[in-house]
Every structure is written in structure tokens, then in C-alpha cells.
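Rule-based calculations on the coordinates, nothing more; no lab input. These numbers were taken from a predicted model, which means no experiment stands behind them. Here the Cβ is made from the backbone with ideal geometry for all residues, glycine too, and neighbour counts use every protein chain on show.
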Amino acid sequence: MLKIKNFKKKYHDREVLKGIDIEVNKGDVVALLGPSGSGKTTFLRGLAFLTPGDSGHIEFGEQKIDVQSATPTDVKQLRQKMGFVFQNFNLFANKTAIENVEEGLVIGRKWQKEKAKNQAKEALEKVGLLEFANHYPSQLSGGQAQRVGIARSAALNPEIILLDEPTSALDPELVADVLQVIKQLADDGKTMIVVTHEMAFAREVADKVVFMDKGLVVEQNKPVEFFDNPKSPRLKEFLNRISAANVAQNGFEYEKATTS
Ligand code: ADP
């Protein structure tokens, strides 16, 4: 469904993406892992042209885009197929939860207000927040705000949702609810790319795990192979480091991540 080939990006002469190749099949959840600074966010934002890449090719179904020569129409068509969930939610502070969800439908999709409201209600219900529809972001916990962010994206029914570290700004006790909502979307067959540090989640929910380091895809595999039988020294080292940190912080989570 989605093929990205040789995707590159420089910031001030420093190449932070050195030619990324990733394929995503319809209905798949791809978990993108890697150390901080490896280029995960740059890649995800590049894919949606929020921060455009320098070169590469993106094939999305019938649409083929040369990143270097993409027109505004190309970008608009591509974006219509994509939803984006940000680390810091990016909700409008002066709009209620339901207004935040409606916004993209009314402004972006030009839906009638009433139809948008119904769709927004349904989306909020799916993330368990219908009763918070009229709350402003400041009246929501971080976990609730992120679930509104996910509802906003899912309400548009995009072909793929890109999630950039959706739980990393949350207090630990709020993470599980948000992961559960994402798992629900996966169970419903939604195609997603998720940048995450949640190893147990990646193992349980992803169909494919991709490891990036220093602007390159170093290894990718099905979760069990990826976690139990890593091939490259860099991935082995990364997993060792993460597991050591998790054991120190939270033995249970680590156990779940590595034995389930
Ligand atoms: P990750 O998401 O894996 O932590 P990022 O994509 O955020 O990595 O960053 C990749 C590299 O690009 C890092 O070295 C980072 O410092 C650099 N970078 C990210 N955004 C910018 C920017 N706007 N200007 C300059 N350098 C940037």
C-alpha cells in the first residue's frame, strides 16, 4: 500500500536521513524504534510533508511522488490519505474536545456541521471520552488529551495514521489507556506507523518492527524475530540497553516485553 524509497533529508549539510526504504502493507502496524536522534521523527514528518524531505520516492496506492519535485497538489492528495498523531497532542486550547475532532471534518473535508458532529461523537466514544466532549484541553489529563488527538485523526478515516511517540509526553500511569486505544485501532484493521519506545507494545501490536540508527534502517523484522533474535550488533546493543534500563525502572514491563 505504501512504499518509501531512498528517502533523504539534510539539516544544514548534516544528513539525518541517509536513504530510508520502508514498505507498509494495508492493515499493518509498523513500529519504528531507534535511539534518540536516529531520525524517526524527521522521517515521519517527512512522509507527511510537514517537514519535507530532500529526495526519495513515495508510492501510496496509485499515487507516486518524487519528493524533490512534489507539487502542492501532490502533497494535498497524499495528506488526505494520512492522519497524524503528535507527541504533544497539538489540540486547539480554545476548542472543546468535540470541536477539536470536528475541525478537520468541517474545515478540511468540508462536511456539514451536523454530520461532522455525529462522526466526532462516534470517534470520541471509541476512545472512551464521549462524556468529556465539552471539556477543553486544559480540563483533560494528558492521556485523555492524547486520546482526543487520536480520535481527531481517526474521525477523518485516513488510510494510514502516523503516530509520533504518542505516549512519550505522558505520566507513566496514563500510558496504558492510550496504548489500549491504539491497539483497538490496530484490531480494527487500521494501518499505522508508530514511533515508540514502548517495547511491550511494539511486540504485542506491531506486524513489523523497524530499527533506525543514524539515519538508516538497520534491521526490520516480525516482532518475535526482531526482539528474540536480533541480527545486527547495533540492534543487539540497543535492546540490551533498553532492557537494562527497563529492569532498573520497571521489572514487570520488561518481563512482559520479552517473554510474552
Ligand atoms: P528521533 O526522532 O529519532 O529522536 P529526530 O528525527 O528528531 O530523531 O532527529 C534526527 C536528527 O536531526 C537529530 O540529530 C536532530 O538533532 C536533528 N534535527 C531534528 N530537527 C532539526 C531541525 N529542525 N534543525 C536541525 N536539526 C534537526
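Somewhere in the range 70-82, is a residue crowded, with 23+ Cβ neighbours inside 10 Å and in contact with a helix residue (DSSP H, G or I) (Cβ under 8 Å, 6 or more places away or on another chain)?
Quick first cut of the range 70-82, residues crowded, with 23+ Cβ neighbours inside 10 Å only: none.
Checking the range 70-82: not a single residue is crowded, with 23+ Cβ neighbours inside 10 Å and in contact with a helix residue (DSSP H, G or I) (Cβ under 8 Å, 6 or more places away or on another chain).
I need a count of the residues in the range 132-149 that are of a type in the set (A, V, I, L, M) and either more than 16 Å from the chain's Cα centre (by Cα) or surrounded by fewer than 19 Cβ atoms within 10 Å (Cβ to Cβ) (or both). I'd like the intermediate steps shown before the answer.
Step one: of the range 132-149, the residues of a type in the set (A, V, I, L, M) are 133, 140, 145, 148.
Subsequent filtering for residues that are either more than 16 Å from the chain's Cα centre (by Cα) or surrounded by fewer than 19 Cβ atoms within 10 Å (Cβ to Cβ) (or both) retains 133, 140.
Total meeting the criteria: 2.
Away from the ligand (no atom under 16 Å from the Cβ), surrounded by fewer than 22 Cβ atoms within 10 Å (Cβ to Cβ), closer than 27 Å to W111 by Cα and over 12 Å from the mean Cα position of the chain (by Cα): does that describe P158? Step through it out loud before you land on a result.
Details: away from the ligand (no atom under 16 Å from the Cβ): yes; surrounded by fewer than 22 Cβ atoms within 10 Å (Cβ to Cβ): yes; closer than 27 Å to W111 by Cα: yes; over 12 Å from the mean Cα position of the chain (by Cα): yes.
For P158, the condition - away from the ligand (no atom under 16 Å from the Cβ), surrounded by fewer than 22 Cβ atoms within 10 Å (Cβ to Cβ), closer than 27 Å to W111 by Cα and over 12 Å from the mean Cα position of the chain (by Cα) - is met.
Being touching a residue at least 60 places away in the same chain (Cβ under 8 Å), surrounded by 14 or more Cβ atoms within 10 Å (Cβ to Cβ) and in a helix (DSSP H, G or I): is that true of F43 here? Can you show your working first?
Details: touching a residue at least 60 places away in the same chain (Cβ under 8 Å): yes; surrounded by 14 or more Cβ atoms within 10 Å (Cβ to Cβ): yes; in a helix (DSSP H, G or I): yes.
For F43, the condition - touching a residue at least 60 places away in the same chain (Cβ under 8 Å), surrounded by 14 or more Cβ atoms within 10 Å (Cβ to Cβ) and in a helix (DSSP H, G or I) - is met.
Do any helices (runs of 4 or more DSSP H) lying entirely in the range 126-208 carry at least 1 residues that are of a type in the set (F, W, Y), and which ones are they? Talk me through it step by step, then tell me what you get.
Details: elements: 142-155, 172-187, 199-205.
Here the list reads 199-205.
Can you name the residue in the range 10-31 that is in a strand (DSSP E or B) and under 21 Å from G61 (Cβ atoms) and is also nearest to the ligand (Cβ to nearest atom) among such residues?
Residues of the range 10-31 that are in a strand (DSSP E or B), as a first pass: 10-11, 14-24, 29-31.
Next, only the ones that are under 21 Å from G61 (Cβ atoms) stay: 20-24, 29-30.
Details: I20: 11, D21: 17, I22: 14, E23: 20, V24: 18, V29: 18, V30: 15 Å.
Ranking the candidates gives I20 first.
So which residues in the range 49-94 are within 16 Å of the ligand (Cβ to nearest atom) and assigned to a strand (DSSP E or B), if there are any at all?
G56, F84, V85
Of these, V181, V194, which one is within 16 Å of the ligand (Cβ to nearest atom) and either among the hydrophobic types (A, V, I, L, M, F, W, C) or surrounded by fewer than 17 Cβ atoms within 10 Å (Cβ to Cβ) (or both)?
Working: V181 fails: within 16 Å of the ligand (Cβ to nearest atom).
From the options V181, V194, the qualifying one is V194.
Write out, first by first residue and then by second, each pair whose Cβ atoms fall under 8 Å of each other, whose residues are 6+ apart or on separate chains, and whose first residue, in the range 20-40, is without any contact (Cβ under 8 Å) to a residue 24 or more places away in the chain while the second is within 11 Å of the ligand (Cβ to nearest atom).
none
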